[in-house]
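The values are calculated or read from the model by the stated rules, or taken from the named source; none is laboratory data. Source: prediction; values computed, not measured. Cβ atoms come from the backbone with ideal geometry, glycine included; neighbour counts cover every protein chain shown. The area values use the complete protein model at the heavy-atom level, side chains included, leaving out ligands, DNA and RNA. Shrake-Rupley method; radii C 1.70, N 1.55, O 1.52, S 1.80 Å.
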Amino acid sequence: MNYYSDYIGKMAEELSRLPGIGPKSATRLAYHIINMPKDQVKILTDSITDARENVRYCKCCFNLTDSELCPVCRNEKRDKTQIMVVENPRDMAAYEKTGKYNGVYHVLHGAMSPMLGIGPEDIKLKELIIRLQGDVKELIIATNSSLEGEATAMYISKLVKPTGILVTRIASGVPVGGDLEYIDEITLLRAFEGRVTL
Ligand code: ZN
């Protein structure tokens, strides 16, 4: 028998699907939302719906954006001959925060993982190879230094090297298994500046 509203139970169940939200937090949030003014709840739900409806992939680099091209790809001052490959938009944001990188990006949306059955066709790799047919001088591989990130870097390097494009990998300084987004800017810059040719 349910001691509380089915609606609250359902909301808590849905909230608990979010990362980092356990059943207890979900229930607490559900009660909090029930006590919020109705117009506040509408602002919250609209913001979720609007973001989900309107945010899409940049048609060039696959960053998340509100328009056809993301601000980096739209920027005429960015060096389009230098492409940095990252696993996700959060990694890209981390590099953008340093303000020192003037090239463009390619967001893979994941990394290859034989263990999880994620192959090259499950990430935005084909799209990268198509981009490389343009005028590209350097491909900087900035995938995470996890097993998956390293495997992906190796795979891309093997694929791209025969084209004659310079392929580099960000240096150590990024701790093994470390997610780029959590690493401070100085470490990130050091990794970038100390990148090595593959
Ligand atoms: Zn873009």
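If both residues of a DSSP beta bridge must be in the chain, then about 30% of such bridges are antiparallel. Annotation: extensible slack from residue 66 through residue 154 equals 28.5 nm (criterion: 0.36 nm per residue apart, minus Cα-Cα distance). Beyond 18 Å, what share of the Cα-Cα pairs of the stretch 16-83 is found? Please give it as a whole percent. Result: 60 percent of Cα pairs exceed 18 Å.
A straight Cα-to-Cα reach below 28 Å connects residue 77 with the lysines 59, 97, 100, 124, 126, 137, 161, residues fewer than 8 places away in its own chain not being considered. Comparing 25, 113, 47 in a Gaussian network model of the chain where C-alpha atoms under 10 Å apart are linked, the largest mean-square fluctuation is found at 25.
In the stretch 57-186, the C-alpha radius of gyration followed by the widest Cα-Cα span (Dmax) gives 13.8, 41 angstrom. Between residue 28 and residue 90, the contour length at 0.36 nm per residue exceeds the alpha carbon distance by 19.5 nm.
In the stretch 88-115, whose amide N lies under 13 Å from the spot 7 Å out along Cα-to-Cβ of residue 163? List them in ranges. Once the point is set 7 Å along Cα→Cβ of residue 163, 106 turn out to lie under 13 Å by backbone N, inside the stretch 88-115. Here the accessible area is traced with a 1.4 Å probe on the protein chains. For the chain, carbon and sulfur cover 57 percent of it. Between 64, 159, 132, the residue with the greatest mean-square fluctuation in the GNM of the chain (Cα pairs under 10 Å linked by springs) is 159. Accessible surface computed residue by residue for the chain, with neighbouring protein chains in place and a 1.4 Å probe, gives 62 Å² per residue.
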